[in-house]
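Below is one structure, written out as structure tokens, with a few remarks after it.
Just so you know, all these numbers are worked out from the coordinates, no wet-lab data involved. Computed from a predicted structure; not experimentally measured. Quick reminder, even Gly has a Cβ in these numbers, built from the backbone with ideal geometry, and neighbours come from all protein chains shown.
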């Protein structure tokens, strides 16, 4: 009889402890106003917080986006449904928040000025900070010399530095390039550019001014090229990866 009573007491205590553990859940408040409720299964300081929802799904929040963490009673009814919608929205967009690490950009666009034509560039590098990017790139320019109507085919090779004003999925940014443009015909020379643009998730759009070497061939000079400093306005469209 005593053993039966002891067993009943142990079962009751276990049930109460189980209920107590489920009576409160952890709440993560993000700086953008989002609220995530669940069980924190992984916490890495200065990197991220991973929360397990009641339905078993996991949400990873960048550490810099977390405002505070508290424990509260679980939500019910309309409050619970609202929190689930907020969590789903946060999960869908978290992949587009800027993060430290390797990344790249591809641009295609057109230029007008001393040259008129098309330009494409591929850039790859690293984000030492969420808002800062440094890397290198190469591209191809296919244009026409406006003065003299000569063709201009060249391959720019350059260093690239970029600063995003925000570390969110959409942000204005400033970009600068410096390097050399290797002409397939004519004279090679310095290549530089300054761009201002905006990112929307992975889509990128920017506009700026570039300078490079232009050259024109003259028949009255033996294999002679006249070089000059060319300035162009560039409009680029692309994506990040």
(message) How long are the semi-axes of the equivalent ellipsoid of the stretch 101-240, defined as square roots of 5 times the Cα gyration tensor eigenvalues? Whole Å, largest first.
(response) 31, 14, 11
(request) Starting from the Cα of residue 174, step 7 Å along the direction of its Cβ; do the same at residue 228; then give the gap between the two resulting points in nm. (result) 3.1
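How do 28, 41 line up, fewest other C-beta atoms within 10 Å first?
Fewest-to-most Cβ neighbours within 10 Å comes out as 41, 28.
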(message) Taking the number of other C-beta atoms within 10 Å as the exposure measure, put 181, 26 in order starting with the fewest.
(response) 26, 181
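What FRET efficiency do you get for residue 55 and residue 235 if R0 is 35 Å and r is their Cβ-Cβ distance, rounded to the nearest 0.05?
Details: r = 45 Å, r/R0 = 1.30.
Result of the calculation: an efficiency of 0.15.
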(message) Give me 126, 191 sorted ascending by neighbouring Cβ count inside 10 Å, so fewest comes first.
(response) 126, 191
